[in-house]
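Input: a single structure, listed below in structure tokens.
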Amino acid sequence: MDRETFAGLLASRVLVCDGPLGAILATGADRRDSIPEMLALEDAARLTEIHAASLEAGAGVIRTNTLAANRPTLEPMGLADRLDAIVTRSVEAARTAISKAADGSPGPFVALVLGPLSPGVRPAGALRFEAAVTAYAEVARMAPGLGVDLFMLEGITDLAELRVALVALRETAPDLPVVVQLTFGPTGRTAGGVTPAAAWAVSRSLGADAVGACGRLTPEQMLPVATAFQSVSDLPLAFLPSCEPQGGRSKRHLPARVFARQARALLERGTGLLGCWGAPSSEYVAFLRRMARGYVPAPAGRRQQLVLASRGRDVTVGGQRGIIAVRAWGGPSGERSGAGPEPLAYAVADDVRRGAVRMLEVRYERRHDEEPDFFDQFLPRLSNSIDLPLLITAGTRKGLEVALQSAAGRPLVASVWQDRHRMEQFLPLIRRYGAAVVLTCMTAKGVPRGADERVRLAEKMIEATLSAGLAQEDLIIDPVLPAVRGEPASPREVLQTLARLKHELGQPTMVRVSRLAEGRSAGRLGLETAFVAMAAAADVDLIVGDFGIPPLAQALAASAFLAGRDSGGRRYDALVEAVARARGAYSRAPDRSGTPRLTAPQRATTTRDRNGAGRPHGRDATRKRGGQT
């Protein structure tokens, strides 16, 4: 089955799917000294019987018994040499059952199930990106020859592993549909902190055909997750809730009739593929099939929105979503060039608590030949320390590739401008890893003068980027804000360009406010805060600057509020309160008259060096030195 056929099926009817794992565990068909996947080799006839019962009950998709069938997972058990046989026999068992039940109509279909790799993928796990791609590709390569109709990614909880799996499947078997189902908990996030919006963004950017959730939660418990997916996703939705309630004392399964009744709410959310995770019998399929009769999945038109993500945070760019503050950081320097991310994490964590920043820029400003090693060593540790979506600025192709492999989530890539060689090197990598891109209005000759030239250049770059296979909603334009060195005509031209890019081309925009005062020894903050307000009025979407400076962060928050980009002023109020609390300026607790108590502002007790480290001074420094001055 090709991807177009699969899309047509999900647009016309609900596909009910089933797998053998629950029945295997319920009937004791697995052995305590083995794994359920070994049943394909030890009792293939029993596996075929389980599939046949599901088909008789009305299943339209049969999921193979291959959740743990990958080399990194099987190797510690001494079963790696059985991998090919496990996958082959599991698919054959499903195909045999289908051949006996075929009635001439399309389907039923065989879904090759792929689960997580047991060591995990960096930064949360031990496997490097390409090693993990190889592990998934080894299994996926067997699929076309075995008659597999689609892939189902199940049980993944980490965005790095999801990216790896999708890259492997799209490069190995690009014509087969891929259904992504992450495992969410009661908080509405996976164990790795992934939100439905982030899962959808990564899945769509890397070519998934449907997205949703599986396992752990009952249909009723999964409903908030389904609602969150429905609010963002333009992909068909797929859900495999569990029949075993989580969080209660009882370990008894929900009755099939109750399970199906709860699942009706998922169908009402537009679900196109529905099943039961770990169903102990085919009775669950029968009730789901009856419940799904008459439902047609809700069509979803393509949504023009850009979502960026880290392991546990996501930001939506564009529209009235607010102006995103990107904390600029140029990498370690001087004697601290080999330092880890801890000093930066210390500084940025404070900015995040105050609500001052929502993304972090990472670049390496030293030698280009050191850039790949820096990203390889630094980004995994950074992703485990700072949970913010990243803006990656790389100087070399190798550095960019290593950064995209090492970063968690879905990053944004800068440093792409109108240069044929550079675009040919960078754009294929950005597409392969599912990132978004900032197109800089610059050529090898420099920055164009005037808004007209910048807009024309942006149009040419957009056309070239779309030809490289990227989606238009994943493009952001940077008109390049130069330094003010006298007559400030250039900033005015940038403001005109920002407004035209948004209203004529419909593209999100970004500026680097830190460039404005380059070469000036004083007055930087005044220029930057003024331009932030002007850029907000021109509908800018991202601003890169040193938002660790409270006045600049407050200027951006206030500008977004006054420009109508902060509903109810919630972000602005939260930032003002956080800054005030940090300074000890006032307490929200009222006195007896109901008036907030005001206290004297306290002096700052730390000074940040260029690497973001906090150096105590004043009274704090005295205390840390044991009272010695």
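The values are calculated or read from the model by the stated rules, or taken from the named source; none is laboratory data. None of the values given here were measured: they were computed from a predicted structure. Backbone-built Cβ (ideal geometry, glycine too); neighbour counts: all protein chains shown. Quick note on the areas: whole protein, heavy atoms, side chains included, nothing else; ligands and nucleic acids left out. Shrake-Rupley method; radii C 1.70, N 1.55, O 1.52, S 1.80 Å.
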Can you list the helices (runs of 4 or more DSSP H) lying wholly within the stretch 39-152 that have 3 or more residues being open to solvent by less than 30 Å² (accessible area, probe 1.4 Å), in contact with a helix residue (DSSP H, G or I) (Cβ under 6 Å, 6 or more places away or on another chain) and farther than 30 Å from Gly193 by Cα? 44-57, 83-101
Reported set for the stretch 380-417 where residues are closer than 19 Å to Val121 by Cα and open to solvent by 20 Å² or more (accessible area, probe 1.4 Å) is Arg381, Asn384, Ser385, Asp387, Glu401, Gln405
Please find, within the stretch 532-547, the residue that is nearest to Arg456 (Cα to Cα) out of those that are open to solvent by less than 10 Å² (accessible area, probe 1.4 Å) and either part of a helix (DSSP H, G or I) or among the β-branched types (Val, Ile, Thr) (or both). Val540
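Looking at Glu528, Glu504, which one is loosely packed, with under 13 Cβ neighbours inside 10 Å, part of a helix (DSSP H, G or I) and in contact (Cβ under 8 Å) with a residue 24 or more places away in the chain?
Working: Glu528 fails: loosely packed, with under 13 Cβ neighbours inside 10 Å.
None of the others qualify; the one that does is Glu504.
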Residue by residue through the stretch 398-444, note down the ones that are modelled with pLDDT of 95 or more, of a type in the set (Lys, Arg) and farther than 20 Å from Ala309 by Cβ. Lys398
Which numbered condition trips up Ala522, out of (1) assigned to a loop (DSSP other than H, G, I, E, B); (2) open to solvent by less than 40 Å² (accessible area, probe 1.4 Å)? (2)
If Ala201 passes every condition in (1) assigned to a helix (DSSP H, G or I); (2) in contact with a Phe, Trp or Tyr (Cβ under 7 Å, 6 or more places away or on another chain); (3) buried (at least 23 other Cβ atoms within 10 Å of the Cβ) but one, which one does it miss? (2)
Residues that are open to solvent by 10 Å² or more (accessible area, probe 1.4 Å) and either free of Cβ contacts under 8 Å to residues at least 12 places away in the same chain or part of a strand (DSSP E or B) (or both), drawn from the stretch 175-189: Thr187
Does the stretch 372-379 contain any residue that is out of contact with any Asp or Glu (no Cβ under 9 Å at 6 or more places or on another chain), surrounded by fewer than 21 Cβ atoms within 10 Å (Cβ to Cβ) and within 16 Å of Ala124 (Cα to Cα)? yes
Kindly indicate whether any position in the stretch 220-241 is more than 14 Å from the chain's Cα centre (by Cα), part of a loop (DSSP other than H, G, I, E, B), at pLDDT below 95 and surrounded by fewer than 18 Cβ atoms within 10 Å (Cβ to Cβ). yes
If you check Val307, Val315, Val352, which single one turns out to be assigned to a helix (DSSP H, G or I) and either at pLDDT below 90 or farther than 30 Å from Val258 by Cα (or both)? Val352
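Restricting attention to the stretch 443-453, does a residue exist that is hydrophobic (A, V, I, L, M, F, W, C), open to solvent by 40 Å² or more (accessible area, probe 1.4 Å) and either free of Cβ contacts under 8 Å to residues at least 60 places away in the same chain or within 15 Å of Asp419 (Cα to Cα) (or both)?
If we filter the stretch 443-453 for residues that are hydrophobic (A, V, I, L, M, F, W, C), which is where we start, we get 444, 447, 451.
Cutting the leftovers down to open to solvent by 40 Å² or more (accessible area, probe 1.4 Å) gives us 444, 447.
Filter once more, keeping what is either free of Cβ contacts under 8 Å to residues at least 60 places away in the same chain or within 15 Å of Asp419 (Cα to Cα) (or both): 444, 447.
Yes.
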Residues of the stretch 395-422 that turn out to be part of a helix (DSSP H, G or I) and under 24 Å from the mean Cα position of the chain (by Cα), as a count: 10
